[in-house]
1. Mind checking which pairs have a first residue in the stretch 176-202 that is closer than 17 Å to residue 130 by Cα and a second that is in a helix (DSSP H, G or I) and open to solvent by 70 Å² or more (accessible area, probe 1.4 Å), Cβ under 8 Å, 6 or more apart or different chains?
2. Considering each of 115, 111, 54 in turn, give the residue that is closer than 20 Å to residue 194 by Cβ, at pLDDT 90 or above and aromatic (Phe, Trp, Tyr).
3. Among the residues of the stretch 111-135, how many are part of a loop (DSSP other than H, G, I, E, B) and open to solvent by less than 50 Å² (accessible area, probe 1.4 Å)?
4. Please verify whether the stretch 176-189 includes one or more residues that are among the acidic types (Asp, Glu), in a helix (DSSP H, G or I) and open to solvent by less than 60 Å² (accessible area, probe 1.4 Å).
5. Sort out for me the helices (runs of 4 or more DSSP H) sitting completely within the stretch 1-102 that have 2 or more residues that are without any contact (Cβ under 8 Å) to a residue 60 or more places away in the chain and surrounded by 14 or more Cβ atoms within 10 Å (Cβ to Cβ).
6. Considering (1) closer than 25 Å to residue 240 by Cβ; (2) among the β-branched types (Val, Ile, Thr); (3) open to solvent by 50 Å² or more (accessible area, probe 1.4 Å), say which one residue 165 fails and leave the rest.
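The values are calculated or read from the model by the stated rules, or taken from the named source; none is laboratory data. These figures come from a predicted structure and were not determined experimentally. FYI the Cβ positions are ideal-geometry reconstructions off the backbone, even for glycines, and counts take in every protein chain you see. Note: areas computed on protein heavy atoms with side chains; ligands, DNA, RNA excluded. Shrake-Rupley method; radii C 1.70, N 1.55, O 1.52, S 1.80 Å.
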Amino acid sequence: MEKREFKENYKFLSDKISKGQNEGLTIKDYVEIKELQEAIDPILVAEDEEWSSFYYELEGLKIAIYSEGLFNKFSTNNIQYIQNQAMLLPLVLANSEGERVKITGDNGYLFKCQFHNEINPSMQVNDIKNRLNCYGCGIHLNNIKYLQKYENLSFRDSILLISQIYLYDMNYKKSYLEDISKKYQQSLMSDQYLELLKRGYDRLKTRYNESYKGINIDELYKNIFDIIERIKNGQYDKNFVYEKPKEKIYIK
């Protein structure tokens, strides 16, 4: 490609950045950026510093558009609701292969890490904070990111999966995620999970400390048991109000 063509393409990038700052970028803009990036000769990217820099600027713009949720099915508010309400513990339990789960600390459940090989359990799930962290490999995950990593899904598909597991979106279309969601629903309704909840509740009531100040333990666990009962009855969450995602995003 000649220098003239490089300048024309760089103007395209500059125009997209300007549009992103002032008018907002759409899925159509993403597609145009992707098509231009794919048209660049890989040899130029590897051997020409100018073209390499341009290629990765296009990549950065694509990532910025994608990460802002333009391709998600749900709005940011919907995603935040799912993160807050969908319990992580039964998801991890579904992939624990029958291991004996230890309770540790005030509200932690200790598993063998599902993301690296180990002999002694070092992956802890905190049921109140709804977070997972492994002291062995250092991984930190919430419920959506856990499914994304374990099932090798895109962020978008991970949200779709968790919405099927916890019956948030009654308008979802059946897909390959259907069978995966059943595995997690079975864990959610299992006797093993119920037993962990009872042990966790008793432990937390006796070891309650200032770090959980302001949290009503009885109300928290009632909400969990209500969710389990709702799933058993095949009922969708009445408090979940579907919102369409944004149609354009702005970049700084």
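1. The qualifying pairs are 197/225.
2. 111
3. Going through the stretch 111-135, the residues part of a loop (DSSP other than H, G, I, E, B) turn out to be 112-122, 127-130, 135.
After this cut, where a residue has to be open to solvent by less than 50 Å² (accessible area, probe 1.4 Å) as well, the list is 113-114, 118, 121-122, 127-128, 130.
The qualifying residues number 8.
4. Looking through the stretch 176-189, at least one residue is among the acidic types (Asp, Glu), in a helix (DSSP H, G or I) and open to solvent by less than 60 Å² (accessible area, probe 1.4 Å).
5. Ranges flagged: 3-22, 27-39, 42-47, 49-67.
6. Condition not satisfied by residue 165: (3).
Yes/no matrix, rows are residues, columns are (1) in contact with a Pro (Cβ under 7 Å, 6 or more places away or on another chain); (2) closer than 22 Å to residue 93 by Cα; (3) at pLDDT below 95:
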| site | (1), (2), (3) |
| --- | --- |
| 176 | no, yes, yes |
| 198 | no, yes, yes |
| 201 | no, yes, yes |
| 217 | no, yes, yes |
| 231 | no, yes, no |
| 249 | no, no, yes |
